[in-house]
1. May I ask for the angle, rounded to the nearest 10°, between helix A:180-189 and the longest principal axis of chain A, with both axes built from Cα atoms and the value confined to 0 to 90°?
2. If packing is taken as the average count of other Cβ atoms within 10 Å, what order do A:235-244, B:178-187 fall into, highest mean first?
3. Determine the shielding of peptide B:147-154 by partner chains: average, over its residues, the number of Cβ atoms on other chains within 10 angstrom of each Cβ.
4. Pick from B:219, B:122, B:176: which residue has the top mean-square fluctuation in a GNM of chain B where Cα pairs under 10 Å get a spring?
5. Over the Cα atoms, compute the radius of gyration (one decimal) and Dmax (the largest Cα-Cα distance, rounded to a whole number) for the protein assembly as shown, in Å.
6. Provide the packing ranking of A:45-51, A:101-107, i.e. peptides ordered by the mean count of other C-beta atoms within 10 Å per residue, highest first.
7. Across the residues of B:21-31, average count of Cβ atoms on other protein chains within 10 Å?
8. Just need log10 I(q)/I(0) for segment A:91-174 at q = 0.15, 0.17, 0.26 Å⁻¹, Debye formula, equal scatterers on the alpha-carbon atoms, no solvent, rounded to two decimals.
């Protein structure tokens, strides 16, 4: 008898895009067709249309590491497992959680065939709806202090504003953190002109899409909820007014001398 | 007779993804099917399979603004125009160039139906192949000093390293700029440990894909060409060794206290 009675399975972390089926890649669909067990945050797993032999393992938003470990255990026993994320799974999502579980777990986890299928992440979908606000150097920051100190977030906001990065905020608010986004805007107002455009993008590409454009001077925390992605311009980001149309927001590819 | 004899056309800037047909969204395909004229950098326009009534207008890499203006002129005369980019068109690509041309152009350009179709940008595809290096706060920087002073780029590298951002570099080198990437690595070595992982990703998702993982201490400019996207980790980015498999690189979602 062989020592390899138990075949090593595979685990694919799949990005389902911002929400519209038109923004799911063929690669993501193929990865889902080829799996039998699906792990993920409830609303993402619910997006999938499954076949009779495919099983959902939905879990809560906060349970990333236990979800990742459960998915890896099934894959290590030979399972064909998908872990699904909205947007891109590598941006504040499940790919890092699965890597953490691989590193902390038994040697068998490292032998699982592990792969990641990228997707359109929220800031790209929101930027597309507004024009081209990410057309110059930019950064992406999670505003949640569940996993890092708030002081680190404050330091990054100041560094990004002073260095001239456009910023995209993920996880801007939650029921447990309703006020931090307002603090973040206050910090930015001390380092950037009030005329800098701010985009609040919710459900970009879905029927309930809502894109709101404000100036930094007027930006407030209650303009966002936990499903909003926010883009804050740099001093060079521009608004183009258009008769009868929403304005366009874009960041020029060039940087004017002397401003940085 | 109506004053609106000339119908206003439309211009859609479409992201074709990193290169694999499996990473093109259905939305991007539908936008291309619905257009008659295609503008873009030659290799991107060449990716399209066109119908007899569809026309290619390929141009050189450096001609973004004249290409954008030509596309807008055709759309303002009633054309159904696509401007195509690799990756996502909003990240160091054609969406910002078209916005610049709209702002600088005649009023008719502002009346064109303008939209942007997002795509999987290169850093997401490269990150997916390596694990989850963009799992924590990160920034994207174009290393080209064609459109901004090199001093601004140096300032951003230092700011990003000190604030703990993972970094993705677009346009890392070109024939005219072979040495700047080496200067960038030298700057980073003065601010980050030599053990920080660096990923060189070329043609991610295509048959000629090449993913190379080095440590910052050993990273050199000649490991990249103009089609390479580079990801430089933060002090917290980790390498997971695996028997018989490429190592995984990931940035933990959490940030250890005291390091920032």
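1. Roughly 40 degrees, rounded to the nearest 10.
2. B:178-187, A:235-244
3. Counting Cβ atoms of other protein chains within 10 Å of each residue's Cβ and averaging gives 4.
4. In the Gaussian network model the winner is B:176.
5. 22.3, 88
6. A:101-107, A:45-51
7. Per residue, the number of nearby Cβ atoms from other chains is 5 on average.
8. For segment A:91-174 at q = 0.15, 0.17, 0.26 Å⁻¹, log10 I(q)/I(0) is -0.74, -0.88, -1.26.
Every number in this text was worked out from the coordinates using simple rules, so none of it is lab data. What you see is a predicted model; the values in this text were computed from it and never measured. With ideal geometry, Cβ positions are generated from the backbone for all residues, glycine too; neighbour counts draw on all protein chains shown.
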